[in-house]
Amino acid sequence: MTLSSHASERLSPPFRADQVGSLLRPERLKQARAMKATGVMSADQLRQIEDEEIQRIVAIQKEIGLQSVTDGEFRRAWWHFDFLEGLDGVEPFEADHGIQFHQVQTGSRGIRVTGKLGFTHHPMLEHFAFLKSLTGDATAKMTIPSPSMLHFRGTIDHPAYDDTALFFHDLAQAYKQAIRAFYDAGCRYLQLDDTSWAYFCSTEQVAELRTKGQDPEQLKRLYAQTINAAVADRPDDLTITMHICRGNFRSTWIASGGYEPVAEMLFGGLNIDGFFLEYDSERAGGFEPLRFVKRPDLRMVLGLVTSKFGELEDPDTIKRRIDEAARYVPMNQLCLSPQCGFASTEEGNLLSEEQQWAKLRHVVKIAEDVWK
């Protein structure tokens, strides 16, 4: 039975039962990508396998009852670098080391800005078009990194961008063009993924930013202004949400800390339609920062179901936590999802594909019970 047959259905995203985006890469796809990297498989052969696997997971998402459907980010290696490298003026490079998570480090990859930022064409427009061709009456959801991530994870190596104001102006305009291009390709549900705001909630990470000569308060303002400029004048029927992530690699994490240091700026200052918030562990803090939600149209998607491990949460515990959040935000503005995607990088988290689908079914069932 699909979610659309229940009163819990929302007609526009984010939906009562939603998802962040990335899904575990099947072994067949991992092997194909490895063969392509060594020259054993052609790009066309890899694309055919990607197409077939995306068709398979789209069918499963629809069968589960999800109203929003993604391609699992199956054509990407990373949740952010693959998109950012497609912007004009951005180039990849082999970094000296990866990104440090709790007791584990990612593979080495970096991006640098070497030219004027812009958006003239991007392969992910075709990726989205393929997804949309498969979704039928479900909503095709596109996920891309927030503009903040180019500055937060990238190296600025272009003399014109010694002028910080010019850099953020051009970045906002590039994203404005990207948003329009995805809309023209049929996208009506776009998500911006962003880890920087979670870092601003971490005492350790804020101290590290200051050690690097960064002013966290100034960065907050610049990032918020850039996001608002990027989403300004978007079409009325385009929903834009943001996922705030504390890091997700092989079921590990980076940042800890509640949303209090950023809540007022995020919930009161960003001109977007909803937030996906990680609330699956004590590292996320309590629901008190939700008191800064003043807009009656702002949707808050509670990530109360972890994507890091396969064990299913007690549904009554999840329902009690939704009730706790409703002390600060009306129930009709709340939704439920996993706290993150299942594979922010192609390596994926430490659970099986069967456990992943069970998690998403769990979200759908709990949402059906809560929003009858």
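The values are calculated or read from the model by the stated rules, or taken from the named source; none is laboratory data. All values reported here derive from a predicted model rather than from experimental measurement. Neighbour counts are summed over all protein chains in view; Cβ atoms, including those assigned to glycine, are modelled from backbone coordinates with ideal geometry. To get the accessible areas, we keep the full protein, side chains included, count just its heavy atoms, and leave off ligands, DNA and RNA. Shrake-Rupley method; radii C 1.70, N 1.55, O 1.52, S 1.80 Å.
Data for the structure
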{"quantity": "Filter result (open to solvent by 30 Å² or more (accessible area, probe 1.4 Å) and touching an Asp or Glu at 6+ places or on another chain (Cβ under 9 Å)) within the stretch 187-213", "calculated": "R188"}
{"quantity": "Members of the stretch 221-242 that are in contact with a Pro (Cβ under 6 Å, 6 or more places away or on another chain) and not in a helix (DSSP H, G or I)", "calculated": "T239, T241"}
{"quantity": "Any hit, the stretch 298-307, residues being modelled with pLDDT under 95 and either in contact with a Gly (Cβ under 7 Å, 6 or more places away or on another chain) or crowded, with 21+ Cβ neighbours inside 10 Å (or both)", "calculated": "yes"}
{"quantity": "Scope the stretch 329-346; condition assigned to a loop (DSSP other than H, G, I, E, B) and surrounded by fewer than 17 Cβ atoms within 10 Å (Cβ to Cβ); matching residues", "calculated": "P330"}
{"quantity": "Enumeration of residues in the stretch 131-152 that are surrounded by 14 or more Cβ atoms within 10 Å (Cβ to Cβ) and out of contact with any helix residue (DSSP H, G or I) (no Cβ under 8 Å at 6 or more places or on another chain)", "calculated": "K132, T139, K141, T143"}
{"quantity": "Lone qualifier among Q205, Q218, Q173, Q214 - being at pLDDT 95 or above and not β-branched (V, I, T)", "calculated": "Q173"}
{"quantity": "Filtered residue count, the stretch 44-76, keeping only those that are of a type in the set (A, V, I, L, M, F, W, C) and either outside any helix (DSSP H, G or I) or open to solvent by 50 Å² or more (accessible area, probe 1.4 Å) (or both)", "calculated": "4"}
{"quantity": "Subset of the stretch 352-372 [touching a helix residue (DSSP H, G or I) at 6+ places or on another chain (Cβ under 8 Å) and closer than 26 Å to F81 by Cβ]", "calculated": "L360"}
{"quantity": "In the stretch 251-265, residue modelled with the highest pLDDT [restricted to those that are open to solvent by 30 Å² or more (accessible area, probe 1.4 Å) and either acidic (D, E) or in contact with a strand residue (DSSP E or B) (Cβ under 9 Å, 6 or more places away or on another chain) (or both)]", "calculated": "E264"}
{"quantity": "Test set (1) touching a Gly at 6+ places or on another chain (Cβ under 8 Å); (2) outside any loop (DSSP other than H, G, I, E, B); (3) modelled with pLDDT of 95 or more; (4) open to solvent by 20 Å² or more (accessible area, probe 1.4 Å) - G268 fails condition number", "calculated": "(1)"}
